[in-house]
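Engineer: To start, I am sharing the structure in question, which I have written as structure tokens.
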Amino acid sequence: MFRPFMLTVLLTLTLLVACDDDPKKTNNLTPGCGNGVAEPGLDEECDGADLQGLDCRSLLMGFDGGLLACDSSCHLDTSGCLGCDDLCDFAGQVRCNPGGSGIETCGPTEAGCLAWENEPCAEATPFCVLDGETPTCAAACTDACTIDDVRCGADDDAIETCVTGGAGCTVWEGTPCAIDTPVCVDSIGTPTCTMVLCEDACTPDETRCNGAGDGVETCVAGSPCNSWQNTPCDVATPACGLLEGSPACVATNGAGESCDDVRRIPVPFTAAGLDFTADYATRDMDLSHASCDAGDVPAGHDAVFEIDFTAGEAVVFTQGGGLDGQLYVQGACDGAGACLDALDQAGGGGVEELLFEAPATGTYTLILAAYSSAPVDTRYILAVYRWEDPAELSCDDGFDNDFDGVADCADPDCFGVAGACDSETACGDGLDNDGDGHIDCFDSECTGQAPCGAESGEARCTDGVDNDADGATDCADPACAGNSYCPVVLIAEGFETWPPAGWTIVNGGDPAHTWGSSADSGRSLTSAVGLFAVVDSDAPSATLDHDESLITPAFSCVGYTNVSLSFLHTYRDYSGTDSASVALSTNGGASWTPLATYLADTTDGATVELSLTAACAGSPSAVIRFRYVSSWDWYWLLDEVRVVAW
């Protein structure tokens, strides 16, 4: 049976009752169990009422409380102790003891809890060290920590400090937490003994409605942990709801079924649901007044809202989501009364947007009514938000208030607005969202946020973002070079000038007709940008021999695993006597390796990709020939010749 190490220490350190042989004194006791005095030297843990100052909790056996007693053999009786807390995780778990002089093993105590029992290291191997994750006794010690570092102990019941041990190596030395503050927690990097183990429940100054909806909770910084503190709503404003986007106590609201049950809403406001006819169960608004004419008088259910406006304040009242709905604005709510505005601009599945500007300060009614008493699609989304022209001022409401196509922090009007757009949250949009002069990955707030990080891999080397903020983007960054998505460009020719620099033209037919620029031709090539190369046997309008070659500058294939050729072209065939071919030479044109031959019409503006890896075979000097052979036939058009390697 295990007995905790700490119990042995406590009993050993208890003041021993000494024997007194002075015959003049009358308080001498006969040693032995039953004399009412605990004598550890006689293997007594207690004697009668003398428990050596121990109780159930101070035994460190995991008891929460209860009554500790002494049995007739002068050993502690824990049968009256209550509760049980494991001091280690599982039976058989092992670790070095806090002093580094032995190996502790987790096992059951008399109370049935798990606790550590120490087995001292032998004299020849007096130091407990970790072999990987396994504790073992060794002849030499190793440093376990850095002097003066502190931490909570493994069982969270002590604060450990790094000190120099007896053998000269650093060890962790524990100071147990007191009984009234038994748990060690790491409070902002500083271990502290506290009543309970806790975690921060929130961020200081954060607010929310409480669970009952009748108060506002504010996060307060605690010691050691942050927690929610409730402020109850008062009688006048008994319910917690969102006001201008923040939790606040508000007056009790209606459900929005009628003028008598109108729902007061803040701005901005949104509501959505799957069944408008279930969420707003009746038709209470007649809306037949001539000023309410939006095309047809609605026959379906309606939702009624109320807002306070100042003169000139403008909002956008919109609905969609599927419901075929109509929008109305009144002053005082009146089912059969006049409307200030009305709109029905779309059928089912469409969106209505009504822009309303208050003519005077006061309370106004906004109504959404279903066109049909049995709508085919009952899904709905409605919203009310501020209209702000010419610039967006509401930068955290989720709406595009100035109708410029971007909302909130994506709108340059909002960049740097305190409390809304003062942090760089969009790290790949090419914008300085927080207005601090640093864009995307150049802003320290984007560190560790996608897409910022190492500029490597196809996704990040082709995303148009300088992911590692080194001034080089995508394939311009050396970290991206040397692969199929960022290859080394050996040849890149678009034929914008003629003759192309470094290229060779071999005229093997009629001397007056060979490869030339499209600037001198009436031909067109689909997808070509600017000028392109042309060889045209139809242009002379006569039977003339053509054997025309256009040869690239020499390039090296040394050191590359893959070499590839691509080009844009159109070949138009006429008879069996004409052809177009592509070939590669590694010996200055003494011999040629065929790559492609065309004997029939190609698609206009076809893109071709050919592997040169085998034909080039690591040659230090290779060239590519585009050869056209014909008499009086059609033509070959060529552009965007690229040779790349990786």
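Engineer: Given the structure, is Asp279 in contact with a Ser or Thr (Cβ under 7 Å, 6 or more places away or on another chain), open to solvent by 40 Å² or more (accessible area, probe 1.4 Å) and in contact (Cβ under 8 Å) with a residue 12 or more places away in the chain?
Structural biologist: No.
Engineer: On to the next question. When the range 65-92 is examined, which residues are found to be assigned to a loop (DSSP other than H, G, I, E, B), loosely packed, with under 14 Cβ neighbours inside 10 Å, within 52 Å of the chain's Cα centre (by Cα) and not small (Gly, Ala, Ser)?
Structural biologist: Answer for the range 65-92, where residues must be assigned to a loop (DSSP other than H, G, I, E, B), loosely packed, with under 14 Cβ neighbours inside 10 Å, within 52 Å of the chain's Cα centre (by Cα) and not small (Gly, Ala, Ser): Asp89, Phe90.
Engineer: Go through the range 197-242 residue by residue and tally those that are closer than 29 Å to Phe399 by Cβ, part of a strand (DSSP E or B) and open to solvent by 90 Å² or more (accessible area, probe 1.4 Å).
Structural biologist: 2
Engineer: Pairs only if they're at least six apart or on different chains, beta carbon under 7 angstrom, first in the range 118-147 and touching a residue at least 24 places away in the same chain (Cβ under 8 Å) and among the acidic types (Asp, Glu), second part of a strand (DSSP E or B) and surrounded by 13 or more Cβ atoms within 10 Å (Cβ to Cβ); list them, first residue then second.
Structural biologist: Short answer, once both residue conditions are applied: Asp143/Thr170.
Engineer: Mind counting the residues in the range 535-548 that are part of a strand (DSSP E or B) and open to solvent by 10 Å² or more (accessible area, probe 1.4 Å)?
Structural biologist: 2
Engineer: Take Glu458 and tell me if it is in contact (Cβ under 8 Å) with a residue 12 or more places away in the chain, part of a helix (DSSP H, G or I) and loosely packed, with under 15 Cβ neighbours inside 10 Å.
Structural biologist: For Glu458, the condition - in contact (Cβ under 8 Å) with a residue 12 or more places away in the chain, part of a helix (DSSP H, G or I) and loosely packed, with under 15 Cβ neighbours inside 10 Å - is met.
Engineer: Quickly run through the range 357-378 and pick out the residues that are under 18 Å from Asp344 (Cβ atoms) and open to solvent by 50 Å² or more (accessible area, probe 1.4 Å).
Structural biologist: Hits for the range 357-378 are Tyr371, Ser373, Ala374, Val376.
Engineer: Which condition from (1) hydrophobic (A, V, I, L, M, F, W, C); (2) within 22 Å of Ser372 (Cβ to Cβ); (3) in a loop (DSSP other than H, G, I, E, B) is the one that Val267 breaks?
Structural biologist: Tallying (1) hydrophobic (A, V, I, L, M, F, W, C); (2) within 22 Å of Ser372 (Cβ to Cβ); (3) in a loop (DSSP other than H, G, I, E, B), Val267 fails exactly one: (2).
A quick yes/no check of all residues on (1) farther than 18 Å from Cys259 by Cα; (2) out of contact with any strand residue (DSSP E or B) (no Cβ under 7 Å at 6 or more places or on another chain); (3) in a strand (DSSP E or B):
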{"position": "Val329", "(1), (2), (3)": "no, no, yes"}
{"position": "Ala336", "(1), (2), (3)": "no, yes, no"}
{"position": "Ala342", "(1), (2), (3)": "no, no, yes"}
{"position": "Gln345", "(1), (2), (3)": "yes, no, no"}
{"position": "Thr363", "(1), (2), (3)": "no, no, yes"}
{"position": "Leu368", "(1), (2), (3)": "no, no, yes"}
{"position": "Thr378", "(1), (2), (3)": "yes, yes, no"}
{"position": "Glu388", "(1), (2), (3)": "yes, yes, no"}
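Engineer: Sticking with this structure for a sec: Could you check the range 288-312 and list, in sequence order, the residues that are touching a strand residue (DSSP E or B) at 6+ places or on another chain (Cβ under 7 Å) and either hydroxyl-bearing (Ser, Thr, Tyr) or over 16 Å from Ser372 (Cα atoms) (or both)?
Structural biologist: Scanning the range 288-312 gives Cys292, Val304, Phe305, Glu306, Ile307, Asp308, Phe309, Gly312.
Engineer: Now, a different point. Which of the following residues is exposed (fewer than 15 other Cβ atoms within 10 Å of the Cβ) and more than 23 Å from Trp646 (Cα to Cα): Gly435, Gly508?
Structural biologist: Every option except Gly508 fails the conditions.
Engineer: Select from the range 545-575 the residues that are of a type in the set (S, T, N, Q) and either closer than 20 Å to Ser517 by Cβ or touching a helix residue (DSSP H, G or I) at 6+ places or on another chain (Cβ under 6 Å) (or both) and list them in ascending order.
Structural biologist: Hits for the range 545-575 are Ser549, Thr552, Asn562, Thr570.
Engineer: Are there strands (runs of 3 or more DSSP E) fully within the range 93-191 with at least 1 residues that are within 28 Å of Asp77 (Cα to Cα) and of a type outside the set (A, V, I, L, M)? List them.
Structural biologist: Fully inside the range 93-191 and qualifying: 102-108, 114-120, 170-176.
Engineer: Still on this structure: Of the conditions (1) in contact with a Ser or Thr (Cβ under 8 Å, 6 or more places away or on another chain); (2) touching a residue at least 40 places away in the same chain (Cβ under 8 Å), Pro540 fails just one. Which one is it?
Structural biologist: (1)
Engineer: Further, regarding this structure: In the range 570-587, what count of residues is obtained for those that are loosely packed, with under 14 Cβ neighbours inside 10 Å and at pLDDT 95 or above?
Structural biologist: 1
Engineer: Pairs, please: C-beta under 8 Å, at least 6 apart or cross-chain, first residue closer than 16 Å to Glu392 by Cβ and open to solvent by less than 40 Å² (accessible area, probe 1.4 Å) and in the range 420-431, second of a type in the set (A, V, I, L, M) and at pLDDT below 90?
Structural biologist: As it stands, the answer is Ala426/Ala410, since those pairs meet every condition given.
Engineer: Please name all residue pairs, on different chains or six or more residues apart, with Cβ atoms under 7 Å, provided the first residue is in the range 30-54 and is charged (D, E, K, R) and the second residue is in a helix (DSSP H, G or I).
Structural biologist: The qualifying pairs are Glu45/Leu11.
Engineer: Okay, moving on. Which residues, counting only those in the range 283-317, are loosely packed, with under 13 Cβ neighbours inside 10 Å and within 44 Å of the chain's Cα centre (by Cα)?
Structural biologist: Thr310, Ala311, Gly312 - these are the residues of the range 283-317 that are loosely packed, with under 13 Cβ neighbours inside 10 Å and within 44 Å of the chain's Cα centre (by Cα).
Engineer: Can you name the number of the only condition in (1) at pLDDT 90 or above; (2) within 30 Å of Ala311 (Cα to Cα); (3) not in a loop (DSSP other than H, G, I, E, B) that Glu445 fails?
Structural biologist: The one condition Glu445 does not meet is (2).
Engineer: On to the next question. Are there any pairs with C-beta distances below 6 angstrom linking a residue in the range 611-630 that is over 24 Å from Gly576 (Cα atoms) to a residue that is open to solvent by 30 Å² or more (accessible area, probe 1.4 Å) and polar (S, T, N, Q), with the two at least 6 apart or on different chains, and if so which?
Structural biologist: Thr613/Asn562; Ala615/Thr593; Ser619/Thr586; Pro620/Ser556; Ala622/Thr586
Engineer: Looking at Gly321 and the list (1) modelled with pLDDT under 95; (2) open to solvent by 60 Å² or more (accessible area, probe 1.4 Å), which single condition is not satisfied?
Structural biologist: Every condition holds for Gly321 apart from (2).
The values are calculated or read from the model by the stated rules, or taken from the named source; none is laboratory data. Quick caveat, the model's predicted, so the values are computed rather than measured. When we count neighbours, we look across all protein chains shown, and the Cβ atoms used for this are built from the backbone with ideal geometry, even at glycine. Remember, those area values only see protein heavy atoms, side chains included, never the ligands or the DNA or RNA. Shrake-Rupley method; radii C 1.70, N 1.55, O 1.52, S 1.80 Å.
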